[in-house]
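Contents: one structure, followed by commentary.
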Amino acid sequence: MDKRERRTVDDHLPKWLHSRFLSAVNYIWQVKGDNFESIRRVEAVANSGVFTDEEMSWVMLLLIMPKINEMVKNTSEWKEFKTMKESVH
């Protein structure tokens, strides 16, 4: 009987959603609201040598997603989408 290859969720997601990026985001997010500690943790992750500059930008993008979501909700395009969606249902 052939040994079945074990796969992880990381094999099925875009690179920027791999668990190592989400772990870094979680480490930083745990101190959300404490600006000093958040900055310290961002610097620690950035200086760890684990992530390239591009990968670090993905970590930062994941951290600001809630803010981006709020910005998107204030656009006319989002409001048009909501109107269109509501009229379809």
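Go ahead and run the numbers for FRET between residue 80 and residue 40, Cβ-Cβ distance against an R0 of 41 Å, rounding to 0.05.
Computed FRET efficiency for residue 80 and residue 40: 0.50.
Ordering 41, 20 by the number of other Cβ atoms within 10 Å of each residue's own Cβ, fewest first, gives 20, 41.
To the nearest 0.05, what FRET efficiency results for residue 57 and residue 31 with a Förster distance of 25 Å applied to their C-beta separation? The calculated FRET efficiency here is 0.75.
So what's the net charge close to residue 58: Lys and Arg +1, Asp and Glu -1, counting the other residues with Cβ under 13 Å from its Cβ? Overall, the nearby charge balance is -1.
With percent of Cα pairs over 16 Å apart as the read-out, I listed (i) 66; (ii) 55; (iii) 81; which label goes with the value calculated from this structure? Among (i) 66; (ii) 55; (iii) 81, the one derived from this structure is (i).
We did not get these values from a lab; they are worked out from the coordinates using the rules stated. What you are looking at is a predicted structure, and each value in this text was computed from that prediction instead of being measured. FYI the Cβ positions are ideal-geometry reconstructions off the backbone, even for glycines, and counts take in every protein chain you see.
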